[in-house]
Amino acid sequence: MRKTGRSRVEEQTGARQWRLPLSEFFREALWDTVVVSGFEFARERLEAERAALCGPRYAHLAERAAMRAGHARSSLTLGGRRAGISRPRVRRTDGGELMLPSWQAWSARDPLERRAVEQMILGVSSRHYARSLEPLPEEIAMRGVSKSAVSERFVVGTQKKLAELMRRKLHGLKLIAVMIDGVRFADHVVLAAIGININGKKHLLGLREGATENAAACKALLADLIERGLPAERSLLFVIDGAKALRKAITDTFGSRALIQRCRQHKKRNVTDGLPERMRSQVNSAMSQAYASGEVKRARHLLENLGRSLERGYPGAATSLREGLEETLTVMRLGLPESLERVLSSTNLIENLFSRVREMARRVRRWQGGAMILRWCAAGVLEAERNFRKLAGYRALAKLDAALRAHDATLDRGVDNRKQAA
């Protein structure tokens, strides 16, 4: 059989047998060459800067301002770790050490913190961090990849992320809705607030930790948001879970300017939790049908009928259904389109946000206090924020804005009438 030109070449060179090992060899050789060459460049650059400060080696200069002081074992940031290098030292003639400009830039530890946070967000444990890095050539010592070193950098990095989140200015966001919900981690509750502007863009506003979802923690969160720029002088739609403390904190802070929508999903869970398993699906479906009716009067009628049917056998579930019922119909009362009403009638957005935190922290076996919980939450929610999309039904938000402004006008007229009467 006649051999092709390619087959003859492979037979002569043996390429078919050693193609894959050779490609791996070239890949490793290229990486090693790049790293070693980079360190050679770094040494030459540092020596050039030292020569600029101290003059040529062995030269006797009368006006010398600095002098060579040998070398010190040190390390530079490289690919998520510290790589060993001999650092040229420079001393002033009047005492004290001078730091070379390039060394100041290259030795910064911020990239290490960012890399540690990024790797752990992606699911790499601190124990296996070193394995996730590209290996260095044998002649270069590697440092800072131990479990304790990586954990320490993760702590510092997440502290910075939390501080960044809590310093965000909220002026000029043109928010028309704020969602607030509490998520439990061990014995702590983390309150999270997400704002929605008139264009449908979501903004992560802040976090607050507390032992429980109490009024003090809720008021502290709201006070912080107002201090950073959340408007308190115009009406906003607040979408919250069923916590009475959170509702009280909002009404105490914003008064009648707050339109409160209670989460319908929380309401369903609260009602069905008081029922036997065999009834839960039926009652949940009945509540869903009421909320899907699109008419406030009909929805109220269906829910009140359901409450009466539960009263005799399960009075606790009936009481839970009636409590705050009107506030589960707030967005329906505003006449918003179904797609927007569905999104603004629950705090699922925040629950979805925290699902990213739980996924990231699935290896955490023991939460060591509220500070640790807040750091992990900040890292997780900021990561999730990168994938935020516009709110479903955002094109109808102008209708919500108009309803809020009409509510403001009504309140302002009431104030004017009371002033005239006084």
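No lab work stands behind these numbers, since they all come straight from the coordinates. Just so we're clear, the structure is a prediction, and the values are computed from it rather than from any experiment. Neighbour counts are summed over all protein chains in view; Cβ atoms, including those assigned to glycine, are modelled from backbone coordinates with ideal geometry.
Kirkwood hydrodynamic radius, computed over distinct alpha-carbon pairs, for segment 78-219: how many Å, to one decimal?
19.1 Å
When only C-alpha pairs under 8 Å and at least 6 residues apart count, what is the relative contact order of the chain, in percent?
Relative contact order for the chain comes out at 13 percent.
Pick from Arg262, Arg45, Arg333: which is most flexible by mean-square fluctuation in a GNM of the chain where alpha carbon atoms under 10 Å apart are linked?
Arg45
What Kirkwood Rh does segment 227-304 have if only Cα atoms enter the pairwise 1/r average? Answer in Å.
About 14.5 Å for segment 227-304.
Based on DSSP, what percent of beta bridges with both residues in segment 190-307 are antiparallel, to the nearest 5?
Restricted to segment 190-307, the bridges split so that about 60 percent are antiparallel.
For segment 173-216, take the alpha-carbon Rg, divide it by the Kirkwood Rh, and send me Rg/Rh.
Taking Rh as the inverse mean 1/r over Cα pairs, Rg/Rh reads 1.09.
Taking only DSSP H segments of four or more residues, each worth -39500 (n - 2.57), what value at 222 nm results for the chain once the sum is divided by all its residues, to the nearest 500 deg cm²/dmol?
-17000 deg cm²/dmol
Using alpha-carbon pairs under 8 Å, 6+ residues apart, how would you state the relative contact order of segment 173-415 in percent?
Once divided by the residue count of segment 173-415, the mean separation gives 23 percent.
For the ranges 285-291, 308-314, what's the packing order if you count other beta-carbon atoms within 10 Å of each residue, average per peptide, and put the highest first?
285-291, 308-314
Mind jotting down the distance between the C-alpha centroids of segment 243-264 and segment 131-156, whole Å?
If we compute the Cα centre of each part, the gap is 48 Å.
If each Cα of segment 265-307 is one equal point scatterer, what is log10 of I(q)/I(0) from the Debye formula at q = 0.18, 0.24, 0.28, 0.35 Å⁻¹?
-0.48, -0.79, -1.00, -1.24
Cut-off under 19 Å on the C-alpha distance; same-chain residues fewer than 8 positions from Lys169 excluded. Which lysines are left, in chain and number order?
Within reach: Lys160, Lys161, Lys201, Lys202, Lys219.
On average over all directions, what projected area in square nanometres does segment 173-415 have, based on the convex hull of its Cα atoms?
14.0 nm²
Cα-based Rg (one decimal) and Dmax (whole number) for the chain, in Å?
Considering the chain through its Cα atoms, Rg and Dmax are 31.6, 111 Å.
Over segment 163-236, what is the mean sequence separation of C-alpha contacts under 8 Å (at least six apart), divided by residue count, expressed as relative contact order in percent?
With pairs under 8 Å counted, the relative contact order is 31 percent.
Report, as a whole number in µm² per second, the diffusion coefficient that Stokes-Einstein gives for segment 281-368 at 37 °C and 0.692 mPa s using the Kirkwood radius over alpha carbon pairs.
216 µm²/s
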